[in-house]
1. For the pair ARG683 and ASP620, what calculated FRET efficiency results from E = 1/(1 + (r/R0)^6), where r is the Cβ-Cβ distance and R0 = 30 Å, to the nearest 0.05?
2. Please list, ordered by chain and number, the residues whose modelled amide H lies under 5 Å from the amide H of THR513; skip anything fewer than 5 residues away on the same chain.
3. Quick query: amide H of ALA331 versus all other amide H atoms, modeled in the peptide plane; which residues come in under 5 Å with a sequence gap of 5 or more or a different chain?
4. If ARG194, ARG638 are ordered by their accessible area, calculated over protein heavy atoms with a 1.4 Å probe, which sequence runs from highest to lowest?
5. Working out 0.36 nm times the residue gap between LEU83 and GLU540, then minus their Cα-Cα distance, what length gain in nm do you get to one decimal?
6. What residue among ALA119, PRO210, LEU182 has its Cα farthest toward the positive end of the dipole of region 108-216, where the charges are +1 on Lys, Arg and -1 on Asp, Glu, each on the Cβ?
7. Students sometimes get this wrong: rank ARG180, ARG164, ARG520 by accessible area, probe 1.4 Å, all chains present, largest first.
8. Mind grabbing the accessible area of TRP684 for me, 1.4 Å probe, Å², rounded to tens?
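The values are calculated or read from the model by the stated rules, or taken from the named source; none is laboratory data. All values reported here derive from a predicted model rather than from experimental measurement. Cβ placement follows ideal geometry from the backbone for every residue including glycine, while neighbour counts extend to all protein chains displayed. Remember, those area values only see protein heavy atoms, side chains included, never the ligands or the DNA or RNA. Shrake-Rupley method; radii C 1.70, N 1.55, O 1.52, S 1.80 Å.
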Amino acid sequence: MAEHDRHHRLSLGCEALASLAGLIDGATRSDSEPVQAALLSLAHRLLAPEALAVLTIAEDGGLDLGLIRPPEQAGRLQALADLAVAEGHMAWALQNPQPLFTVIDHRHVLLCAIATRNAAFGVLLAVLGRGSPEGRSDPLVDLLVVALHTTAFSLENRSLLDQRTRQADLLERQVEERTRELVVAREAAEAASRAKSSFLANMSHEIRTPMNGVLGMTRLLLASPLDRDQRHLATTIEHSGTTLLALLNDILDHSKIESGRLELESIPLDLRAALHDACAPFRPSIAGGALELVLQVAPEVPRLLLGDPIRLRQIAANLVGNAMKFTRRGAVVVSAVAGMGRLELAVADSGPGIPPDRLARLGEPFTQADSSTAREHGGTGLGLSICKRLAEAMGGSLAIRSEVGKGSTFSVSIPLLPVAGPATEAAPLLLAGQRVLVVDDQPSAAKALAWQLERLGALVTIATDAASALGEALAAPPALVVADLLLADMDGAALAGALAAEPATATCPVLLTAPSAADREAVPGRRVLLKPLRDDEFEEDIRLALGMPQKAGAAAPKDQPLRGRVLLAEDNPVNRELTVRMLALLGIDQVVCATDGREAVRHFHAGGFDLVLMDCLMPDTDGYAATAAIRASEAATRGRRIPIIALTANALAGDREQCLLAGMDDHLAKPFDENALRTVLARWLSPAGS
């Protein structure tokens, strides 16, 4: 081949290669005809062959005849390709990067693979002529091999890109499908949650409405003259109703916690008052001196804390109730101490204790230490679970320590958030520097009294029996003696008499305490304080005993009657009668009743009311609609806003907020008693005679 002709072919080949480079970037295996055509053009310019063909690899691994040049050589080229396959030339060409010059059917043939190490796309078959290169070392052949390999690499990259694109499209479709499934599942879960909340609200209303009548009428019955047997029967009804109500509250609270609907308040609360309120319902369970309920609040615990008073009382009440249920003798001690920025609330009992193998399961829903059908103590097993979840919601934890035969201690640790401001400033101490003698043979009870007195500034001495108390008092007469009524060697009343008989202590005042109302009634004609002692009541008793004036701003007596004309909207006849009777006990005898919201609005328009008690769920027109109508009427006439108190039996999270948003001013959950009704009404009505 002349050198001039070779240079011309190289020049033409470079032009064809440049054209090929622009095509292979967008080429795909399924649409490779433009690339094949460009390869044939390049090979024709470089090799000057008699015939050319591109053989492509089919999906089944065979070879298909692609583009050919000239077209009329198709049969001849197919025959040569078949012989190349049969004689093994084609397999060698596909496995080696170098071109193969060989003779097939008396024809000089060039086979060169369009392949990479990882993928094969086809083979270039050229029937060489007289002017064609004769070996691998020819630059024209080198240029062709480079072009074929470059094409193969580009096709491979394009194939990988297509594969990744398909995978991305598949993943996107899967994500979209999964998202649709999640949306459907979320909507189904939300619908189930709404159905559950609706069911809980309806169940709460349907159970609490008759429970309000049962408990309310029973308490009114207990306030009336009864003989011993009748009082026992009425007390049993009240206890059973209260137990049923506690069970309902546990189930509702568990459901609210599980559904994430539990909401906590953060408002100032009096910790000692909250703990005392939690202990108060269990006083009737104590009688005969075998068991004592003790409340110890360390002096360093601030009086006011930030938190949720209802939930804190609930934790304490659940723990105390659990301890009281399993303790026959000794003491149930409720203690609160502060340190390291945390409040430690503990309830310790002297009950049977819990075996180690059952200890780890406590705190799980519906789990009890004794779950056998022959167990002595009932319950749902929800109380401790609720305490644990409430403590965690407050940023704390619940811990349990127990020893079989010695008792158990349940403790809750939560962040201590004292209230800062003028309300927490120290007041003058009632007993600053005065000596007080505490006489109690129950060490935990003596410690509780000592802490209460030390907060008042007293210098406290403790005696564990009457004999040592007499010796202490005669040696250094105290300003005050606080003695337990049920001392082992001499009861408290006898000790008070012995002190009065001694000249040195004749004028020393003695306050007697007792663990139960039954014990207190054993000393008629003498005031006996019921333990655990409430701080404000204890202070007033100390003032009376020492002849001090009543504390400025002291609350009016709880039995002071209220005044006002009340509109009561209540569709349930039992609850209507009960509320009217309770209002009469509070001094309110001007009550107009309505059986539905429409009637309530009609009565309201007649005027003259100081307060409205509005049941929320009534037929025809409910309490929310009636309230809206009343508020619209007040706005239209620019009349005085009359307080509307919501009466609801739902008691679910958000009920109070819903009532306030509807235009009501306060909220009272059923079942309620006389004290709860008085507390709410006292915020809106004036005492009689004021």
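1. After rounding to 0.05, the efficiency reads 0.50.
2. Sorted by chain and number, the residues that satisfy this are ALA483, ASP484, LEU485, LEU529.
3. GLU292, SER350
4. Sorted by accessible area, descending: ARG638, ARG194.
5. Contour length minus Cα-Cα distance gives 152.5 nm.
6. So the residue furthest toward the plus end is PRO210.
7. Details: ARG180 140, ARG164 170, ARG520 90 Å².
Most to least solvent-accessible, the answer reads ARG164, ARG180, ARG520.
8. Spelled out: TRP684, probe radius 1.4 Å, area about 100 Å².
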